[in-house]
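Right, one structure below, let's go through it.
The values are calculated or read from the model by the stated rules, or taken from the named source; none is laboratory data. Quantities reported herein were computed from a predicted structural model and do not represent experimental measurements. Quick reminder, even Gly has a Cβ in these numbers, built from the backbone with ideal geometry, and neighbours come from all protein chains shown. Quick note on the areas: whole protein, heavy atoms, side chains included, nothing else; ligands and nucleic acids left out. Shrake-Rupley method; radii C 1.70, N 1.55, O 1.52, S 1.80 Å.
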Amino acid sequence: MRGSLIAILLGFLLPCTSLIAVEEVPIFSLMQSMDGVSVNRSMLLYAGTRESYEKVADKPYAWNRMEKENLPFSFTDQTFWVKFSVRSPKQENPISWYFLLNNPGMEELVLYKKVRIENSESWVEIGQDVRTSFLHPSFLIETPSDTQEDFLIRASSRRSVILNFQVWTPKEFLTRVQYENILLGLYFGAIGIMLIYNGFLAFVVKDSSYFYYVFYLLFYALWQLAVSGVGAQYLTESTPQSWNDYLVGFAFLSVCFSLLFTRSFLHMEREAANWKNQAFLYLSGFAFIGFCVSLFPSAYSAMMRAVSWYPFISAILVVYASVTRLKKGFRPARYFLLAWSVLIVSVLVTSLRNLSIIPDSFMVHWSAQIGSGIEMTLLSFALADRIKTLEKDSLQARLENYDNLLRLTEIEGELKVARELQESILPETLPEVPNLKLSVRSEFASSVGGDFYDFYAVGKGKLGIFLSDVSGHGIPAAIIASMVKLAFSIEVRNHEDPAEVLRNINRALNGKYGKHYITAAYVLVDGETGRVSYSNAGHPPLVIVRRVSGETREIFLPGWIIGMDPNLKNSVAEFYLEPGDRLVVYTDGVTEARSPKGEIFGFQKFYKLLGENISLPGEMLAEIVFQTLREFTGNRKHFEDDLTMVVLDFQPAPEMNPQASLLGVTSGFSGKQ
């Protein structure tokens with residue numbers, strides 16, 4: 001009884017179900033003006049497997065009416081089948097029209113048309129000859145007058161599938177192509193300009209934020225080239241599938257460098273809450289791992305899903321960090337926060353359009369490009385504002401170093417005067433003394449320095465070499481150096497003995513330069529005999545380099561620094577140079593130069609460098625020494641201290657035979673006045 005009842009009910013319900021499920025294909029009417037009208041509502045959809053089109057076309061129960069102009073699907077392996085019919089108006093000539101899928105990332109789109117051959121009907125694939133070369137898959141179709149034609153579509157893609165089919169007249173389609181190419185050209189042109197401009201600034205400013213921003217722009221642009229279809233259409237003339245292979249990787253790298261850019265720009269490493277800095281590093285690291293994994297075809301689908309939500313997690317962290325830094329008074333963060341907010345809103349608008357929640361319009365259709373363009377522009381403003389802030393902080397620091405009383409123009413004026421003063425007290429030319437070859441190299445730690453050197457020719461055959469080093473550097477040291485210049489020029493005319501010259505300079509300057517101190521050395525060389533008289537006031541020792549052996553000998557002579565006591569305690573050493581010998585006088589900036597790790601260059605390295613280059617002229621030796629010091633100190637723009645090096649080569653005529661022995665100190669400490 002119960003089985004009979006069920007059989008009766010099934011016999012009744014099955015025909016009713018067929019009537020409900022089977023629906024006639026709506027017919028779309030072609031017109032003289034269509035302007036990209038959507039055909040979706042006149043279509044039937046079947047989402048299934050990759051079957052033969054003959055089998056799919058005749059399925060009776062699987063078709064469903066498409067009710068939205070934009071029909072989005074998430075990432076799926078399904079193949080989508082769509083069928084629809086069109087009817088042309090009654091007119092004299094056939095009507096030409098373009099059929100377009102508004103989705104440039106669709107990897108496969110095959111169009112079939114039902115044709116009658118003899119007394120039977122069959123589906124025939126429309127060939128590539130009617131497919132149009134455009135960003136979006138499109139076909140140029142010609143339909144006879146007052147005729148109905150049936151079409152079948154097969155579509156699939158590894159990206160998210162959005163079905164939005166449109167029809168255009170040829171004139172309307174050409175206009176669409178032109179304005180879309182113009183807009184995309186402007187968009188990618190703007191990105192290209194920002195890439196070049198910010199890339200140039202990155203190499204000029206050498207700020208890590210600029211480098212990260214440039215890489216973010218680069219991979220974002222590559223991602224947009226893949227998403228929009230411009231890369232496949234205009235750059236490589238390949239299928240969308242080839243660009244889709246790297247689309248996920250471009251997206252991950254774009255996120256990675258945007259996080260690194262944010263971390264560097266907002267100085268997250270300075271945050272007391274270290275978890276924020278760590279979060280940026282971890283997320284950027286995971287993004288790079290995602291890029292690497294996406295290169296494996298088997299992991300592509302999973303990575304495509306991951307990259308869809310990963311930017312939203314990153315955006316939450318970026319916005320939170322921007323708000324935090326803005327609250328702490330970091331002004332450039334306001335541009336930064338506004339930039340990412342605009343991008344997030346534009347992506348949200350695009351998503352709502354794809355879900356058919358909001359209607360499509362010009363601004364909505366181009367919201368992603370408009371939003372990203374505004375975002376990149378605001379980020380450029382943010383970088384410029386950050387550089388401006390850094391310059392302001394730097395200026396403030398410089399003003400504070402000068403008691404916050406002088407303006408920048410006044411400081412530059414003082415520096416100019418100081419430079420002129422420095423240039424005026426240094427010799428314009430080197431004296432020429434027979435048998436003596438002189439070379440000098442000096443470099444200051446700032447615009448002006450405290451190192452001072454001078455020469456005095458005593459008669460026709462003797463040369464006096466004076467070198468002093470005022471503690472510190474800059475304007476105060478330069479002013480004291482000018483005082484030393486004046487004292488030396490007076491005393492060297494009254495006394496020939498080097499010790500007496502230094503004692504009188506000390507007496508003249510004692511108590512006139514505050515907390516500063518002065519070291520000095522005075523060397524008197526006889527060009528005919530090679531006899532050297534040398535006195536020292538706390539200065540580094542002389543160095544003699546033997547021409548024949550390359551051996552270096554240090555002439556150490558104790559002596560008080562100038563300014564310690566009115567009665568300077570110093571002595572004189574006398575010795576002879578052999579033909580070809582080299583005498584080097586220098587300031588402590590040479591031997592006390594420091595590497596970035598804090599290591600001191602030292603006397604041994606310096607003496608070894610002098611011995612190895614004894615065969616080179618003095619000018620080349622000085623160049624090698626200074627270049628070595630610059631590399632040792634990390635190629636800094638300025639040394640930490642002033643550097644001066646005087647090189648004297650004794651080059652007598654061959655027939656001369658000066659004494660070769662090194663004499664001891666001939667006069668002891670003296671407090672003679």
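Looking at the range 498-509, is at least one residue at positive phi, in contact with a Pro (Cβ under 9 Å, 6 or more places away or on another chain) and open to solvent by 10 Å² or more (accessible area, probe 1.4 Å)? Full working, then the answer.
Initially, the range 498-509 is screened for residues at positive phi, giving none.
Among the residues of the range 498-509, not one is at positive phi, in contact with a Pro (Cβ under 9 Å, 6 or more places away or on another chain) and open to solvent by 10 Å² or more (accessible area, probe 1.4 Å), which makes the answer no.
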* Scope the range 423-467; condition modelled with pLDDT of 80 or more and of a type in the set (A, V, I, L, M); matching residues -> Leu426, Leu430, Val433, Leu436, Leu438, Val440, Ala457, Val458, Leu463, Ile465, Leu467
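Return yes or no: is Phe134 closer than 30 Å to Ala226 by Cα, open to solvent by 30 Å² or more (accessible area, probe 1.4 Å), touching a residue at least 40 places away in the same chain (Cβ under 8 Å) and part of a loop (DSSP other than H, G, I, E, B)? Quick ask: steps written out before the conclusion?
Details: closer than 30 Å to Ala226 by Cα: yes; open to solvent by 30 Å² or more (accessible area, probe 1.4 Å): no; touching a residue at least 40 places away in the same chain (Cβ under 8 Å): yes; part of a loop (DSSP other than H, G, I, E, B): yes.
Spelling it out, it is not the case that Phe134 is closer than 30 Å to Ala226 by Cα, open to solvent by 30 Å² or more (accessible area, probe 1.4 Å), touching a residue at least 40 places away in the same chain (Cβ under 8 Å) and part of a loop (DSSP other than H, G, I, E, B).
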* Structure fact -> When Leu648 is run through (1) closer than 19 Å to Arg546 by Cβ; (2) surrounded by fewer than 16 Cβ atoms within 10 Å (Cβ to Cβ), the failure sits at (2)
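For the range 30-38, indicate whether the set of residues that are open to solvent by 30 Å² or more (accessible area, probe 1.4 Å) and either in a strand (DSSP E or B) or among the β-branched types (Val, Ile, Thr) (or both) is non-empty.
Let us first name the residues in the range 30-38 that are open to solvent by 30 Å² or more (accessible area, probe 1.4 Å), namely 31-33, 35, 37.
Pick out the ones that are also either in a strand (DSSP E or B) or among the β-branched types (Val, Ile, Thr) (or both) and you get 37.
So far as the range 30-38 goes, yes, one or more of its residues are open to solvent by 30 Å² or more (accessible area, probe 1.4 Å) and either in a strand (DSSP E or B) or among the β-branched types (Val, Ile, Thr) (or both).
Listed here are the residues, each with its yes/no results for (1) assigned by the TED database to the domain that holds Leu45; (2) of a type in the set (D, E, K, R).
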position	(1), (2)
Glu149	yes, yes
Ile153	yes, no
Asn164	yes, no
Ile182	no, no
Tyr187	no, no
Ala190	no, no
* To do: Count, please, the residues in the range 609-643 that happen to be among the basic types (Lys, Arg), loosely packed, with under 13 Cβ neighbours inside 10 Å and at pLDDT 90 or above.
  => 0
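Of all the helices (runs of 4 or more DSSP H) wholly in the range 320-410, which have at least 1 residues that are open to solvent by 40 Å² or more (accessible area, probe 1.4 Å) and modelled with pLDDT of 80 or more? Break it down into steps so the answer makes sense when it comes.
Numbers: elements: 333-354, 362-365, 367-401.
The helices (runs of 4 or more DSSP H) meeting that bar are 333-354, 367-401.
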* **Selection count where residues are touching a helix residue (DSSP H, G or I) at 6+ places or on another chain (Cβ under 8 Å), within 16 Å of Gly602 (Cα to Cα) and of a type in the set (D, E, K, R), scope the range 623-638** => 0
* To do: Might you check whether a residue that is open to solvent by less than 70 Å² (accessible area, probe 1.4 Å), at negative phi, outside any strand (DSSP E or B) and at pLDDT 90 or above occurs anywhere in the range 521-536?
  => yes
* Scan (1) among the polar types (S, T, N, Q); (2) under 28 Å from Leu101 (Cβ atoms); (3) open to solvent by 50 Å² or more (accessible area, probe 1.4 Å) for the single condition Gln278 breaks and write down its number. => (2)
* Could you pull out the residue among Glu180, Glu125 that is under 40 Å from the mean Cα position of the chain (by Cα), within 30 Å of Met304 (Cβ to Cβ) and not β-branched (Val, Ile, Thr)? => Glu180
* Is it true that some residue in the range 218-233 is in a helix (DSSP H, G or I), more than 29 Å from Phe381 (Cβ to Cβ) and not aliphatic (A, V, I, L, M)? -> yes
* Yes/no for Tyr513 being assigned by the TED database to the domain that holds Thr633, touching a helix residue (DSSP H, G or I) at 6+ places or on another chain (Cβ under 8 Å), in a strand (DSSP E or B) and surrounded by 18 or more Cβ atoms within 10 Å (Cβ to Cβ) -> no
* Asked: Considering the range 594-639 alone, what residues qualify as being aliphatic (A, V, I, L, M) and in a helix (DSSP H, G or I)?
  -> Leu609, Leu610, Met620, Leu621, Ala622, Ile624, Val625, Leu629
* Output the number of the condition that Leu111 fails; it satisfies all remaining conditions of (1) open to solvent by less than 10 Å² (accessible area, probe 1.4 Å); (2) in a loop (DSSP other than H, G, I, E, B). => (2)
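Checking the condition farther than 22 Å from Met106 by Cβ and hydroxyl-bearing (Ser, Thr, Tyr), which residue from Ser284, Ser238, Ser294 passes?
On the way: Ser238 fails: farther than 22 Å from Met106 by Cβ; Ser294 fails: farther than 22 Å from Met106 by Cβ.
Sole residue among the options that is farther than 22 Å from Met106 by Cβ and hydroxyl-bearing (Ser, Thr, Tyr): Ser284.
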* Of everything in the range 550-591 that's of a type in the set (D, E, K, R) and either part of a loop (DSSP other than H, G, I, E, B) or within 15 Å of Gln604 (Cα to Cα) (or both), which residue is least open to solvent (accessible area, probe 1.4 Å)? -> Asp581
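Does Tyr282 count as more than 30 Å from Phe139 (Cα to Cα) and free of Cβ contacts under 8 Å to residues at least 60 places away in the same chain? Steps first, answer last, please.
Details: more than 30 Å from Phe139 (Cα to Cα): yes; free of Cβ contacts under 8 Å to residues at least 60 places away in the same chain: yes.
For Tyr282, the condition - more than 30 Å from Phe139 (Cα to Cα) and free of Cβ contacts under 8 Å to residues at least 60 places away in the same chain - is met.
Residue by residue, here is whether (1) at pLDDT 85 or above; (2) out of contact with any strand residue (DSSP E or B) (no Cβ under 6 Å at 6 or more places or on another chain); (3) not acidic (Asp, Glu) holds:
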| position | (1), (2), (3) |
| --- | --- |
| Val214 | yes, yes, yes |
| Leu218 | yes, yes, yes |
| Leu222 | yes, yes, yes |
| Ala226 | yes, yes, yes |
| Ala232 | no, yes, yes |
| Glu237 | no, yes, no |
| Gln241 | no, yes, yes |
| Leu247 | yes, yes, yes |
| Ala251 | yes, yes, yes |
* **Of residues in the range 169-228 being of a type in the set (Phe, Trp, Tyr) and open to solvent by 60 Å² or more (accessible area, probe 1.4 Å), the one nearest to Tyr98 (Cα to Cα)** => Tyr179
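Could you list all residues from the range 69-80 that are open to solvent by 90 Å² or more (accessible area, probe 1.4 Å) and either in a strand (DSSP E or B) or closer than 17 Å to Asn164 by Cβ (or both)? Let's see the steps before the verdict.
Taking the range 69-80 and keeping what is open to solvent by 90 Å² or more (accessible area, probe 1.4 Å), we get 69, 77.
Matches in the range 69-80: Glu69 only.
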* Qualifying position, being at pLDDT 80 or above, out of contact with any strand residue (DSSP E or B) (no Cβ under 8 Å at 6 or more places or on another chain) and open to solvent by less than 20 Å² (accessible area, probe 1.4 Å), among Phe296, Phe257, Phe261, Phe291 -> Phe261
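Being part of a loop (DSSP other than H, G, I, E, B) and small (Gly, Ala, Ser) is the filter here, so list the residues in the range 238-272 that pass it.
Within the range 238-272, the subset part of a loop (DSSP other than H, G, I, E, B) is 238-239, 266-267, 271-272.
Correct list: Ser238, Ala272.
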* Which of the residues that make up the range 144-165 are open to solvent by 20 Å² or more (accessible area, probe 1.4 Å), outside any loop (DSSP other than H, G, I, E, B) and farther than 12 Å from Phe80 by Cα? -> Gln148, Asp150
